[in-house]
Structure formats: structure tokens, C-alpha cells
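What follows is a single structure, written as C-alpha cells, with notes after it.
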Amino acid sequence: MKLHYKEIGSGSPLILLHGLFGSSDNLYSVAKELAKKYHVFVVDERNHGNSPWSDVMNYDVMADDIREFMEDHAIPNALIVGHSMGGKTAMKIAHKYPELVRKLVVSDISPRYYAPHHQSILAGLNNVSLDTIHSRTEADNQLAAHIKDLPTRQFLLKNLCRDENGQFKWKINLSVITQQIEFVGAGIKDSEIITTPALFIRGGNSDYIKDTDEPIIKKIFPNSSIKTIEGASHWIHAEKPAEFITMILDFDSE
């Protein structure tokens, strides 16, 4: 699959991978800072952003998408940074194609299995009547019936756009994501040892990486470290961008 992407900067290659319901736009401010040192590629993963849609969505094919992307752009290996779903994709790339990953940074997700927990978000998105709304405000009002948190709604509504006829549509492949949501929480088997140098960054206010996750992280990624950014929730790159970027730069200079 030919993924949509943005690129900025020069230097050694760095690939940024967004989380579920996200896109390259969400990471571009971080990319601009990292571009002072790296040639940064910010990718829209399949069924997100401006990348193609597919009925198949799992970490195996998403890792294959990045392998194809790297081949197409003659990238022999890269520092790969992934947030949440993108972090799981990055882990799978390091497992399937270790030669492609020089170093790995995983933002606020562990290799373990996560039970589905996006039901209210999916219910809210599916509740929006694209055929009848005339404004983003109307879409927000419909979304609010299921999602009370305004910042979450604002993030999700970045996926709303208009087609060539002026009708609202979702950039994300909502039907496939809804049908296959369980894939997002898929784990990496603890029998799969990945020796790629890895940094796991967790938010101090997030419960996505728990203290109890450290043994499984260390078992699967023996050459890894875990660091915490205090005061950050799951959206570390948005809430604490300077600290997030500094951790990446320090890790890559080791």
C-alpha cells in the first residue's frame, strides 16, 4: 500500500507513526522540531488521514506497509517513533524486519494485550449523521451525546472533511475500524525477543504503561529502557512536546 506522508528536514531518517484516529497532522509540530536533526517522514497509516483504505487492518500488514514505504524511499533503516497504535506498529516492524529499525521509540503503549476500550468513541463517531449535518458544530453536538470531553471531540473532528461535492465525510475508514477494533489491542508474544535498542516513554498521568508492564517489556525488549514524563497523559507529544523531543534526542545520542 502506498501511504500518504509528509517529509521535512535532512539528516538520518526518522519515521513518525500516529495512534488510532490520528494522522500525520497530529505529529507535524513534533516533526518540525525533530527536523532540525533528522530527515523526518510523518506517515498516515492505512485507513487514516490521506492514506488508502483497506478491509484488512492488523499489525502484520501495517508493518508491511512501512517496509514498502521504506523501500520506495530508499531508506535502509531508520529511527522509528510510534505513539499508541503507531507504537504497536513500530514494535511489529522491529519484530518482522529488525534490519529496518536502527532504534525504536514507543510512546505510551506496552507490548501486552489491551482489551477493547474505544466503544464510546466509536459509538459517538457512528452517531454523527454525515448525510444531514451542515456544519462542524452540528457534528460536535451529535458527538457530544457519547463523548463529553471537549478536547477528545476536537481531536476526533480533525478527521471530518468534505468530499468534492461538499458533503461531509470521515478521513478514517470508520466502518472497518469499528468492525476490527480488537486488533488495536493485539499483543506481541512474550516468546518473541526483539534486540533492537528501544525506549518506552510513558505519561505520568496515563495508565497505558503500568509498573506491572515492565517485566514483559524487558522480556521482549531486553535492550530497552522505560522513562516517564510527569504531568502528561496518553497524549505525551501534544502535552509535553519539549520533554518528549529531548528524551528522543538523548536516547539516540547514547
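Take Asp131 and tell me if it is among the charged types (D, E, K, R), assigned to a loop (DSSP other than H, G, I, E, B) and out of contact with any helix residue (DSSP H, G or I) (no Cβ under 6 Å at 6 or more places or on another chain). Taking the combined requirement at face value, the residue satisfies it. Scanning the range 173-188 for residues that are in contact with a helix residue (DSSP H, G or I) (Cβ under 8 Å, 6 or more places away or on another chain) and either free of Cβ contacts under 8 Å to residues at least 60 places away in the same chain or under 16 Å from Glu45 (Cα atoms) (or both) yields a count of 6.
Candidates are the residues of the range 244-254 that are aliphatic (A, V, I, L, M) and under 21 Å from Met85 (Cβ atoms); the one that is surrounded by the most Cβ atoms within 10 Å (Cβ to Cβ) is Ile248.
Identification of helices (runs of 4 or more DSSP H) wholly contained in the range 165-243 with 2 or more residues that are open to solvent by 50 Å² or more (accessible area, probe 1.4 Å) and of a type in the set (D, E, K, R) yields 214-220. Scanning the range 140-158 for residues that are charged (D, E, K, R) and open to solvent by less than 70 Å² (accessible area, probe 1.4 Å) gives Asp140, Arg153.
If you go through the range 171-199 and keep only what is under 15 Å from Gly86 (Cβ atoms) and touching a Leu at 6+ places or on another chain (Cβ under 9 Å), you end up with Ile172, Ile177, Val184, Ala198, Leu199. Within the range 217-247, the set of residues being within 23 Å of Gly22 (Cα to Cα) and touching a helix residue (DSSP H, G or I) at 6+ places or on another chain (Cβ under 7 Å) comprises Ile229, Ala232, Ser233, Ile236, His237, Pro241, Phe244, Ile245. Summed over the range 90-130, residues that are closer than 19 Å to Thr178 by Cα and not aliphatic (A, V, I, L, M) total 11. Tell me yes or no: at least one residue of the range 42-65 is in contact with a strand residue (DSSP E or B) (Cβ under 6 Å, 6 or more places away or on another chain), modelled with pLDDT of 95 or more and of a type in the set (S, T, N, Q). No. Return yes when Ser120 is among the hydroxyl-bearing types (Ser, Thr, Tyr), in contact with a strand residue (DSSP E or B) (Cβ under 6 Å, 6 or more places away or on another chain) and either open to solvent by less than 80 Å² (accessible area, probe 1.4 Å) or modelled with pLDDT under 95 (or both) and no when it is not. Here the answer is no, as Ser120 does not meet what is asked.
The values are calculated or read from the model by the stated rules, or taken from the named source; none is laboratory data. The structure presented is a predicted model; accordingly, all values stated were derived computationally and were not measured. So basically every Cβ, Gly included, is an ideal-geometry build from the backbone, and we count neighbours across all protein chains shown. Quick note on the areas: whole protein, heavy atoms, side chains included, nothing else; ligands and nucleic acids left out. Shrake-Rupley method; radii C 1.70, N 1.55, O 1.52, S 1.80 Å.
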